[in-house]
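Structure incoming, see below.
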């Protein structure tokens with residue numbers, strides 16, 4: 001997949017994996033549509049990407065308001081004619097026990113991570129079908145492969161993405177030549193734990209110990225782009241924590257013993 005001169009829309013582009021992806025992809029001189037809720041941080045991403053030779057456009061986007069997404073997507077498509085690659089990276093994480101978490105927090109996480117995500121895909125998909133080409137990437141997590149303490153709603157939202165995008169791939173890949181890829185990061189050193197929400201909706205404001213030692217967002221972005229070019233359908237990215245995915249599949253009893261020993265206080 002040649003990234004040069006492509007129209008590429010990235011959500012969550014103001015920080016973390018999304019920002020690192022935008023900067024790395026910008027070296028191929030595409031047209032980038034950069035989205036998140038934070039205009040100031042998007043401007044910083046835009047400035048770096050333009051120095052690398054990319055054309056950049058900022059589109060503010062709030063994934064917690066899926067009802068606004070169709071109109072925004074129509075505006076972008078009218079402006080750029082088509083979207084070649086959509087990277088659904090925007091989202092929010094969680095640090096709270098299921099029993100203590102208000103149901104409204106669960107709904108909010110699902111609204112952003114699942115409904116906001118697929119609303120944008122559904123809004124862009126007709127344009128890709130019309131053009132008989134395109135790529136849709138969604139950023140999941142290894143906890144989209146298994147449950148994990150303090151992540152009940154977050155894990156559920158990522159599981160839901162796997163179900164949706166695997167189904168979508170079966171519908172559009174052969175029929176419409178649209179590639180669907182699921183990116184599955186492990187521990188990546190970003191601000192995701194800082195911005196995670198707790199049982200009452202307040203920010204966690206801490207860096208997880210494991211995440212502190214995780215792969216850099218820049219290295220993660222390079223691996224994602226390499227996998228895009230190889231047309232991989234699932235892209236597992238991380239360090240030794242990825243072994244948990246395989247332990248869960250092949251040695252479930254060991255997996256349950258490990259997870260049950262994780263401290264939640």
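Per-residue answers, yes or no, for (1) touching a residue at least 24 places away in the same chain (Cβ under 8 Å); (2) within 30 Å of residue 26 (Cα to Cα); (3) surrounded by 18 or more Cβ atoms within 10 Å (Cβ to Cβ):
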site: 162; (1), (2), (3): no, yes, no
site: 183; (1), (2), (3): yes, yes, yes
site: 192; (1), (2), (3): yes, yes, yes
site: 213; (1), (2), (3): yes, yes, no
site: 217; (1), (2), (3): yes, yes, yes
site: 231; (1), (2), (3): yes, yes, no
site: 240; (1), (2), (3): no, yes, no
site: 257; (1), (2), (3): no, no, no
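Further question: Which of the strands (runs of 3 or more DSSP E) found entirely inside segment 2-60 contain at least 3 residues meeting this: touching a residue at least 40 places away in the same chain (Cβ under 8 Å) and in contact with a strand residue (DSSP E or B) (Cβ under 7 Å, 6 or more places away or on another chain)?
The strands (runs of 3 or more DSSP E) meeting that bar are 7-11, 31-35.
May I pose another question? Would you call residue 76 part of a strand (DSSP E or B), in contact with a strand residue (DSSP E or B) (Cβ under 8 Å, 6 or more places away or on another chain) and over 14 Å from residue 176 (Cβ atoms)?
Against the criterion (part of a strand (DSSP E or B), in contact with a strand residue (DSSP E or B) (Cβ under 8 Å, 6 or more places away or on another chain) and over 14 Å from residue 176 (Cβ atoms)), residue 76 does not qualify.
For segment 201-265, which fully contained helices (runs of 4 or more DSSP H) count at least 3 residues that are modelled with pLDDT of 90 or more?
Values: elements: 209-212, 217-229, 243-250, 252-260.
Where helices (runs of 4 or more DSSP H) fall fully within segment 201-265 and carry at least 3 residues being modelled with pLDDT of 90 or more, they are 217-229, 243-250, 252-260.
Evaluate the following for residue 86: is it modelled with pLDDT of 95 or more, surrounded by 15 or more Cβ atoms within 10 Å (Cβ to Cβ) and in contact with a helix residue (DSSP H, G or I) (Cβ under 6 Å, 6 or more places away or on another chain)?
Numbers: modelled with pLDDT of 95 or more: yes; surrounded by 15 or more Cβ atoms within 10 Å (Cβ to Cβ): yes; in contact with a helix residue (DSSP H, G or I) (Cβ under 6 Å, 6 or more places away or on another chain): yes.
The answer is yes for residue 86.
Let me ask something additional. Kindly list, by first and then second residue, each pair from a residue in segment 198-210 that is without any contact (Cβ under 8 Å) to a residue 60 or more places away in the chain and at positive phi to a residue that is surrounded by 13 or more Cβ atoms within 10 Å (Cβ to Cβ) and outside any strand (DSSP E or B), limited to pairs with Cβ atoms under 6 Å and residues at least 6 apart or on different chains.
Qualifying pairs under 6 Å: 205/194.
Give 112, 129, 105, 136 a once-over and let me know the one that is at pLDDT 95 or above, closer than 25 Å to residue 215 by Cα and surrounded by fewer than 23 Cβ atoms within 10 Å (Cβ to Cβ).
112
Let me ask another. Which condition number does residue 154 fail, the rest of (1) buried (at least 17 other Cβ atoms within 10 Å of the Cβ); (2) under 24 Å from residue 70 (Cβ atoms) being met?
Just one mismatch for residue 154, condition (2).
Something else: Quick one: which residue in 46, 65, 70, 29 is surrounded by fewer than 20 Cβ atoms within 10 Å (Cβ to Cβ) and closer than 19 Å to residue 3 by Cα?
None of the other options fit; the residue is 29.
The values are calculated or read from the model by the stated rules, or taken from the named source; none is laboratory data. No experiment lies behind these values; they were computed from the predicted model shown. Ideal geometry is used to build each Cβ from the backbone, glycine not excepted, and the neighbour counts take in all protein chains shown.
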